[in-house]
Structures are given as structure tokens and as C-alpha cells.
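The values are calculated or read from the model by the stated rules, or taken from the named source; none is laboratory data. None of the values given here were measured: they were computed from a predicted structure. Reconstructed Cβ throughout: ideal geometry from the backbone, glycine too, with neighbour counts over all protein chains shown.
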Amino acid sequence: MPDIGVFHPQIVHFVVALLIAGVAFRLVALTGKVSFAGPAATVLLLAGTLAAVAAVKSGTDAHGPAERIPGARAAVMEHEEWGERTRNLFLGVAVLEIAALAFRRRAWHRFLLFGSAAVGVAGLFFIYETGEHGGHIVYSYAGGVGTRSGDPADVDRLLLAGLYQRATLDRREGKDEAAAELFAEMGRRFGDDPTVRFMAIESQLVDRHDPAAALTALETFTVPTDNRTVAMRVGLLRADAFVALEQPDSARAALAALLEAFPGNTRIADRLERLK
């Protein structure tokens, strides 16, 4: 069979939508008040079950890169087990639906529909658990994030995100030296990105508490003409560095120049007023 692992994220969304809708329609159909609900429930449940079979197959095909992430194997195995349980349970629902369709002229066929509804309601819990464990792999272990495609650019974005999140966490926890090292690593690896390069320069002041080094680095930093956010942050950082060096006149000049570039900006105006 072909490898369909690359389609796993898309397929699982169909599973969730089709099966939940199918169970809901089956419950409505049992009231006998909505004529189209019964046929709709059958179609949705059968389609959702086929999607569940495909989801298990695609998940098995895709699990390699995620499972090889250190510490992630147990989480991947749990997700796979819940996925298989969900598939198997809804295969049972599909059998009940097909049997009810085959024996629709028999009075007792409604018992099959009640059975389908009961098993389907229980299956909602299985769907939730499967999804919850899948989300745990993606959001707690970065399973598939940046690795599913095998594209080096995706892997680089994953690395950059990890460095940034760890650096900002270290900063919040007061681990200045650790944060500075990570921001510096970001600058070394991804310095072609002006936002990343600015963060590395900013870290010189914020984490290393070295305003002179920050000012020196800013001298060689070219502000992107199309990035007003970075342009403002550069001006504010320059003013902060002058303040840290106890050069208020230079700080005021930096803020005044920034206010000319961003007229009416209250944040800059307030900073300038405080320095006066």
C-alpha cells in the first residue's frame, strides 16, 4: 500500500468531523422527527469509519520521525493505541449501520440503530482521547512540527522557535546568561533575518547588561525600510542603551529622531517626556 503519512493531519480532521456529526445525526434520527437524519447518519458514520481506517494507516506511516524524537516514543505509542481503538469501535458501528440498512424492513432493525447510537456515543470519548494524545505529541514534543516534510527550511524554523521560546523563558526566570547565550546562537544561525539579528543585539543590553556592546552592534545594523516595528524597536533600544550609559542628552536625541519618524506616537512621546 502507498505511504500516506504526509496526509495524516488532513485525514484526522475528517475523522473527527464526520464521526461526531454522524453520531449526532443518529441520535436525532432516533427521535423520528427529522426524516433525513437517518440516511445522513448512515452516510456520515460509514464515511467517518473509512476515514478512521485511513487515519490509522497514515499515522502508522508517519510515526517514524515523531517517535525518534528523544522522550516521545511512549506518547506516540499511546496515540496510536487510542487511534486503533477508535477505528475498531467505529468499525463495529459501521457493521450495525449496514446491518440495520440490510434489515430495514424488519421491525427489530431499530434495535440495531439504538446499538449504533450507544456505541457511537461511547466512541466520542475515544475520539477525544485520540485527539488529546495526538495534540500532546504535536504541542508537547513537536512531533511532526518541522520534521514531517523533511524540508531543511522547516527544520530550521523549528530550531529557531525552540531557541526563541527557551531564551524568553530563561529571561522571565532571571537566567540572564542562559538567555543571552541562546539569543546569541539565534543571531549566529539566523542573522540574515533582521528581526532575529535585532533580538541578538537587544540581548546585549537586556541580558548581558552591556549597553556599549549593544550600541556598537546597532551601528552595523541596517533597519529594514519595510519593517516599521523593527525600526521603532531599534530607536527605543538605542535610547535605553544611552540611558544605561548615563547619557540622557543622547537618549533624548535618539527619541526625538524616532518621534520624527513616528509622529504622534504616544509611547515615544511619553518616554521623551520622562527624560526631560
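Details
- Conditions (1) more than 21 Å from Tyr128 (Cα to Cα); (2) free of Cβ contacts under 8 Å to residues at least 12 places away in the same chain; (3) of a type in the set (D, E, K, R): number failed by Asp61: (2)
- Criterion (at pLDDT 90 or above, assigned by TED's automatic domain parsing to the domain that holds Phe198 and either surrounded by 17 or more Cβ atoms within 10 Å (Cβ to Cβ) or farther than 19 Å from Ile201 by Cα (or both)) met by exactly one of Ala244, Ala239: Ala239
- Within the stretch 135-151, the residues that satisfy the criterion of being assigned to a helix (DSSP H, G or I), over 23 Å from Ala178 (Cβ atoms) and not aromatic (Phe, Trp, Tyr) are Gly135, His136, Ile137, Val138.
- Scoring Arg104 on the criteria (1) crowded, with 17+ Cβ neighbours inside 10 Å; (2) at pLDDT below 90; (3) under 23 Å from Leu44 (Cβ atoms) leaves a single failure, condition (1).
One line per residue, one yes/no per condition, for (1) assigned to a helix (DSSP H, G or I); (2) in contact with a Phe, Trp or Tyr (Cβ under 6 Å, 6 or more places away or on another chain):
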{"residue": "Phe7", "(1), (2)": "yes, no"}
{"residue": "Gly32", "(1), (2)": "no, no"}
{"residue": "Ala40", "(1), (2)": "yes, yes"}
{"residue": "Pro70", "(1), (2)": "no, no"}
{"residue": "Trp82", "(1), (2)": "yes, no"}
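- Residue list for the stretch 262-276, restricted to those being in a helix (DSSP H, G or I), exposed (fewer than 13 other Cβ atoms within 10 Å of the Cβ) and in contact with a helix residue (DSSP H, G or I) (Cβ under 9 Å, 6 or more places away or on another chain): Arg267
- Annotation note: Cβ proximity below 9 Å between a residue of the stretch 115-131 that is over 15 Å from Val56 (Cα atoms) and in contact (Cβ under 8 Å) with a residue 24 or more places away in the chain and a residue that is crowded, with 20+ Cβ neighbours inside 10 Å and among the acidic types (Asp, Glu) (sequence gap 6+ or interchain) occurs for Ser116/Glu97.
- Filter result (in contact (Cβ under 8 Å) with a residue 40 or more places away in the chain and among the charged types (D, E, K, R)) within the stretch 1-33: Asp3, Arg26
- Every residue from the stretch 70-86 that is surrounded by fewer than 16 Cβ atoms within 10 Å (Cβ to Cβ) and touching a residue at least 60 places away in the same chain (Cβ under 8 Å): Gly71
- Helices (runs of 4 or more DSSP H) lying entirely in the stretch 152-257 (those with 1 or more residues that are more than 28 Å from Asp270 (Cα to Cα)): 152-172, 176-190
- Selection count, the stretch 85-113, where residues are touching a helix residue (DSSP H, G or I) at 6+ places or on another chain (Cβ under 7 Å) and assigned to a helix (DSSP H, G or I): 17
- Residue count for the stretch 125-156, restricted to those that are buried (at least 16 other Cβ atoms within 10 Å of the Cβ) and over 16 Å from the mean Cα position of the chain (by Cα): 4
- Checked against the criterion of being in the same structural domain as His136 (by TED's automatic domain parsing), at pLDDT 95 or above and surrounded by fewer than 20 Cβ atoms within 10 Å (Cβ to Cβ), the candidates Val15, Val95, Val23, Val34 yield just one match: Val95.
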